[in-house]
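A.B. asks: Mind looking over this structure? Questions follow.
The values are calculated or read from the model by the stated rules, or taken from the named source; none is laboratory data. What you see is a predicted model, and the numbers here were worked out from it, not measured in a lab. Here the Cβ positions follow ideal geometry from the backbone for every residue, glycine too, while neighbour counts run over all protein chains shown.
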Amino acid sequence: MVLGPGDHPTVYSPVHVAPGGARYLTHPGVVTLARPNVAAPHSAIGDATIEQFLSGFDDSLGFRSSLQDPVELPPAAALCKVAGQLCYMSFGPKRTTNAEAARYFANIRGSGHGSVLEHATFTFLCYGISRSVTHELVRHRAGFAFSQVSQRYVSAQTLRFVERPEFRETPELHRDFEARIDETARRHALLEQQLAELQLQGSEALAAQGRTARRKRIQQAARALLPNETEAPVVVTANVRAWRHFIEARANEHADVEIRMLAYAIYLCLRHMEPLLFGDYDETKLPDGTTAVSTATPKV
Ligand SMILES: Cc1cc2nc3c(=O)[nH]c(=O)nc-3n(C[C@H](O)[C@H](O)[C@H](O)COP(=O)(O)OP(=O)(O)OC[C@H]3O[C@@H](n4cnc5c(N)ncnc54)[C@H](O)[C@@H]3O)c2cc1C
């Protein structure tokens with residue numbers, strides 16, 4: 001997996017086309033849609049606003065010194081650090097400076113004080129992942145938000161599939177996969193057509209008021225034949241604590257290879273953006289060519 005350049009990293013996944021025209025992808029694509037925006041990452045956080053707060057304390061405490069910290073932190077690290085510092089009103093000269101942020105976050109992880117990591121959220125658009133993957137992904141509850149493509153709303157026109165690595169690497173299974181998705185796409189379009197005709201003929205089972213509701217009646221029935229290998233794009237937002245837990249559970253040798261590839265792609269993006277918050281992971285190359293990650297301080 002190769003990380004795209006820029007402040008909002010991506011892992012690109014190209015689209016392939018089967019002989020009969022069905023589109024498919026072979027690995028997860030990840031687009032960083034949103035990351036924290038902190039006004040002044042080099043100082044405590046957003047000088048102008050936090051100065052209003054800090055200036056209300058006795059000058060002898062030296063809280064204003066934290067506004068002049070010369071070391072710039074990535075935004076999420078800056079945000080989580082100031083949240084942690086607030087807990088102990090640790091803004092004076094004896095505070096942990098930004099230059100010591102790596103040690104600061106190692107202490108956070110080591111003490112299990114992970115709630116300060118909940119302030120920073122990252123949003124990714126994930127594609128090239130199958131319905132099997134998203135079924136596992138949406139089991140993660142704490143700190144997560146999901147918006148997933150509605151199979152009740154979208155039509156056959158946007159139907160795509162995902163090929164598992166086991167199929168991709170075996171010529172016979174690869175040929176079977178391409179033939180299967182071409183046939184599935186054909187049968188899905190045909191079923192949509194049959195259902196639309198029945199609806200026009202006045203079928204009670206397919207009756208609904210309004211264009212959208214009528215279309216949903218068709219799509220929700222037609223999707224019954226779609227397999228687990230149907231692509232299911234999803235936008236996922238989670239905070240740093242939740243992303244860490246997800247990565248530990250899913251970029252793990254015991255997880256299914258498909259979700260491991262997704263978790264690793266997301267980990268690559270997060271580590272690139274926030275090395276202080278995701279730099280403690282060790283990578284292990286697995287026999288199947290994928291990578292697992294682990295840390296000495298899981299589930300903070
Ligand atoms: C390798 C692997 C195999 C799996 N196999 C199966 C399987 O066979 N069948 C199956 O059903 N699932 C399976 N799962 C899914 C697993 O059981 C979890 O549902 C999923 O990993 C989400 O984990 P979580 O609940 O820790 O995460 P989150 O829902 O994100 O929760 C994070 C943490 O918050 C706390 N928490 C969240 N909700 C509650 C709550 N209601 N009460 C108390 N504490 C809470 C817990 O400490 C939890 O670990 C598997 C997962 C993995 C990684």
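A.B. asks: I'm checking my understanding of the structure. Among residues of the stretch 76-103 that are part of a loop (DSSP other than H, G, I, E, B) and touching a helix residue (DSSP H, G or I) at 6+ places or on another chain (Cβ under 7 Å), which one is surrounded by the fewest Cβ atoms within 10 Å (Cβ to Cβ)?
C.D. replies: Taking the candidates together, the pick is 93.
A.B. asks: Also: Give just the number: which of (1) buried (at least 19 other Cβ atoms within 10 Å of the Cβ); (2) modelled with pLDDT under 95; (3) within 16 Å of the ligand (Cβ to nearest atom) does residue 113 not satisfy?
C.D. replies: Every listed condition holds for residue 113 apart from (1).
A.B. asks: Going through the stretch 64-75 one residue at a time, which ones are of a type in the set (A, V, I, L, M) and buried (at least 18 other Cβ atoms within 10 Å of the Cβ)?
C.D. replies: 67, 73 - these are the residues of the stretch 64-75 that are of a type in the set (A, V, I, L, M) and buried (at least 18 other Cβ atoms within 10 Å of the Cβ).
A.B. asks: So is residue 299 farther than 16 Å from residue 144 by Cβ, surrounded by fewer than 17 Cβ atoms within 10 Å (Cβ to Cβ) and among the basic types (Lys, Arg) or not?
C.D. replies: No: the conditions fail for residue 299.
A.B. asks: If you don't mind, another one. Looking at the stretch 219-238, can you tell me whether even one residue there is farther than 19 Å from residue 8 by Cβ and in contact with a Pro (Cβ under 6 Å, 6 or more places away or on another chain)?
C.D. replies: The answer is no; no qualifying residue exists.
A.B. asks: Which residues, counting only those in the stretch 142-175, are aliphatic (A, V, I, L, M) and under 30 Å from residue 241 (Cβ atoms)?
C.D. replies: 142, 145, 149, 162
A.B. asks: Which ones in the stretch 122-146 are within 14 Å of the ligand (Cβ to nearest atom) and either of a type in the set (Asp, Glu) or under 30 Å from residue 86 (Cα atoms) (or both)? Break it down stepwise before answering.
C.D. replies: Looking only at the stretch 122-146, we keep the residues that are within 14 Å of the ligand (Cβ to nearest atom), and these are 132-146.
The answer is 136, 140, 141, 142, 143, 144, 145.
A.B. asks: Given the condition touching a residue at least 24 places away in the same chain (Cβ under 8 Å), in a helix (DSSP H, G or I), of a type outside the set (D, E, K, R) and within 23 Å of residue 24 (Cβ to Cβ), answer yes or no: does some residue in the stretch 159-176 qualify?
C.D. replies: Among the residues of the stretch 159-176, at least one is touching a residue at least 24 places away in the same chain (Cβ under 8 Å), in a helix (DSSP H, G or I), of a type outside the set (D, E, K, R) and within 23 Å of residue 24 (Cβ to Cβ), which makes the answer yes.
A.B. asks: So residue 275 fits all but one of (1) within 18 Å of the chain's Cα centre (by Cα); (2) surrounded by fewer than 20 Cβ atoms within 10 Å (Cβ to Cβ); (3) on the phi < 0 side of the Ramachandran plot; (4) within 16 Å of the ligand (Cβ to nearest atom); what number is the exception?
C.D. replies: (4)
A.B. asks: Further, regarding this structure: Out of curiosity, is residue 149 in the same structural domain as residue 8 (by TED's automatic domain parsing), within 16 Å of the ligand (Cβ to nearest atom), under 27 Å from the mean Cα position of the chain (by Cα) and β-branched (Val, Ile, Thr)?
C.D. replies: Answer is no for this residue.
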